[in-house]
1. For the range 333-340, indicate whether the set of residues that are over 30 Å from Val523 (Cβ atoms), surrounded by fewer than 18 Cβ atoms within 10 Å (Cβ to Cβ) and within 21 Å of the chain's Cα centre (by Cα) is non-empty.
2. Look through Leu469, Leu498, Leu506, Leu451 and report the one residue that is closer than 21 Å to Ser325 by Cβ and among the aliphatic types (A, V, I, L, M).
3. Which members of the range 8-19 meet the condition of being without any contact (Cβ under 8 Å) to a residue 60 or more places away in the chain and either buried (at least 17 other Cβ atoms within 10 Å of the Cβ) or charged (D, E, K, R) (or both)?
4. Considering only residues that are of a type in the set (Ser, Thr, Tyr) and assigned to a loop (DSSP other than H, G, I, E, B), look in the range 20-72 and name the one that is farthest from Val305 (Cα to Cα).
5. Residue by residue through the range 466-524, note down the ones that are hydroxyl-bearing (Ser, Thr, Tyr) and at pLDDT below 85.
6. Looking only at the range 236-272, count every residue that is touching a residue at least 12 places away in the same chain (Cβ under 8 Å), of a type outside the set (D, E, K, R) and not in a loop (DSSP other than H, G, I, E, B) and tell me the total.
7. Inside the range 388-413, can you point out the residues that are part of a helix (DSSP H, G or I), in contact with a helix residue (DSSP H, G or I) (Cβ under 9 Å, 6 or more places away or on another chain) and within 12 Å of Thr484 (Cα to Cα)?
8. Within the range 20-53, work out how many residues are under 23 Å from Phe79 (Cβ atoms) and either without any contact (Cβ under 8 Å) to a residue 12 or more places away in the chain or buried (at least 16 other Cβ atoms within 10 Å of the Cβ) (or both).
Amino acid sequence: MPQIDYGAVAPLLIVFGAACLGVLVEAFAPAHRRWSVQVGLTLLAVLLAGVFLGMHAQEINTGATTLAGTLAIGPAALFLWGTLLALSFGAVLLLADRSVEPGGAFVAESNILARPGESTGTPVDAPGAASAAVMQRSAPGGVGMRTEVFPLALFSLGGMMVFCAANDLLTMFVALEVLSLPLYLLCGLAKRRRLLSQEAAVKYFLLGAFASAFFLYGLALLYGYSGSVRLPEIAAATAGSLRSDTLLFAGLGLVVMGLLFKGSVAPFHLWTPDVYHGAPTAVTGFMAACTKVAAFGALLRLLHVAFQASSWEWHWVLWTVAVVSMVVGVVLGLTQQDVKRMIAYSSIAHAGFLMVGSITLTDRGLMATLFYLLAYGFTTLAVFGLLGLVRTSEGEATRMSDWAGLARRSPLVAGVFTFLLLALAGIPATSGFMGKFVVFSAAFSAGMGPLVVIALLASALAAYLYIRLVVLMFFHEPAPEGPTVSVPGPFTTAAVTLGVVVTLLLGVVPMLALDWASVGGFVS
């Protein structure tokens, strides 16, 4: 029987156990109590997982390999787990909000419009089955809201945590599917703009299936090269094997392609604008923050543990990918007239900045990339929390023209949103500035000066993405039929406040997070 370090895997057991309990709640709990039970269970699970992570951090900080060697949990994995748990806590608060969108942002149960003893004939979640107003009247206070979103989010979170700590490619592939499949479902559950939401879910599923197939084919090629799917054994084969390198680099390219897809790195980014735009905003925030952490966590682990010895061969390929991602994100972002799509292209540019840190195979580069993931995640989560507050009669006001003069309607929302946009731009005294500073410094010290210069130019151009929206909010007249700003409920307020406070603290006093990120690297 394999030895199991229960202290090391306790956060995983809590998250997956709570997800399974959530499924049972959906099956047996009364409909009018599901929302409160699911929200309480999900938040409690995330908090307990964080507590157990802190309790056992010192014990496994030097590294623990468990579950027959399939998981390797060390300092870097602990940092990624802590980041995922903290971000998911804020994301669950956004998912649970029912004040901004009466009844919640997700479709109602399919039988909520039926009279006792009869069927509606057409499920509510079918496009055009019922208007949003009817669903709101029929589901006061959120009764009938699809509360399975909470166990789905927990399953996805658990998959992300395994993804970051997997010690073999097969476990990594299973974790990739566990984190992806719930997201495909969550993207298609928006109450408003149903066809757009379902289109986003289908696009994400189809392109995600292709990326998973590439990953699996690359796994097979690497097994053919090294005779193993374990990362340490692949590393040993790359360091001293007499086999042909064709299988090695073909397999590495396909595996990395699957990871770059999840990280929204150009040219594997085509799903990102459509999915960010069509998915419910709370789900978009969850994906934008947590999925990027998981994807780059797995990429860092792969490059540092399995393929560091062959870095000279693949270094220039990923160097080019980083440049392409920065250029595509900035140039196409400048053409966008929708706020969510603009943030999507912004995330592609930030993925390019993260690639700069990822290919800096030094301890300093690893520390900088981990810090950047933490900083970007909280800022993005708060951005999407505020996006849901600005609304028109059709729902969220995502067209940039709708944001004209927003500062005159709500100076607080416009001011906080401006602060977050400046953080994404990398203005000093924000986490975005510190994140870029440490990443670019690490890359420059590793001899990648030309890449740093390109990244600095891209960062300067990307500032226009955010400044033009700031100018629109503060220096334009609002339209007479312009949007309203909803008063956020306690859940949204807490999530946005968490993101803003962390963004400010990491910009002013970043050493606490930097010291934690620099404790050590990956173990195998």
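The values are calculated or read from the model by the stated rules, or taken from the named source; none is laboratory data. This one's a predicted model, so the numbers in the text were calculated from it and none came from an experiment. For neighbour counting, all protein chains shown are included, and Cβ atoms are generated from backbone atoms with ideal geometry for every residue, glycine included.
1. Narrowing the range 333-340 to residues over 30 Å from Val523 (Cβ atoms): 333-340.
With surrounded by fewer than 18 Cβ atoms within 10 Å (Cβ to Cβ) added as a condition, the list becomes 334-335, 337-338.
Within this subset, residues satisfying the condition of being within 21 Å of the chain's Cα centre (by Cα) are 338.
Looking through the range 333-340, at least one residue is over 30 Å from Val523 (Cβ atoms), surrounded by fewer than 18 Cβ atoms within 10 Å (Cβ to Cβ) and within 21 Å of the chain's Cα centre (by Cα).
2. Details: Leu469 fails: closer than 21 Å to Ser325 by Cβ; Leu498 fails: closer than 21 Å to Ser325 by Cβ; Leu506 fails: closer than 21 Å to Ser325 by Cβ.
After ruling out the rest, the residue left standing is Leu451.
3. So the first thing to find is which residues in the range 8-19 are without any contact (Cβ under 8 Å) to a residue 60 or more places away in the chain, and the list is 10, 13-14, 17.
Of everything in the range 8-19, those that are without any contact (Cβ under 8 Å) to a residue 60 or more places away in the chain and either buried (at least 17 other Cβ atoms within 10 Å of the Cβ) or charged (D, E, K, R) (or both) turn out to be Ala10, Ile14.
4. As a first pass, look at the range 20-72 and keep what is of a type in the set (Ser, Thr, Tyr): 36, 42, 62, 65-66, 70.
Among the residues that remain, those that are also assigned to a loop (DSSP other than H, G, I, E, B) are: 62, 70.
On the way: Thr62: 16, Thr70: 14 Å.
Per the criteria, the residue is Thr62.
5. So the first thing to find is which residues in the range 466-524 are hydroxyl-bearing (Ser, Thr, Tyr), and the list is 466, 484, 486, 492-493, 497, 503, 518, 524.
Thr484, Ser486, Ser518, Ser524, listed by residue number.
6. Qualifying residue count, the range 236-272: 20.
7. Within the range 388-413, Asp402, Trp403, Leu406, Ala407, Arg408, Val413 meet the criteria.
8. Residues that pass the stated criteria total 10.
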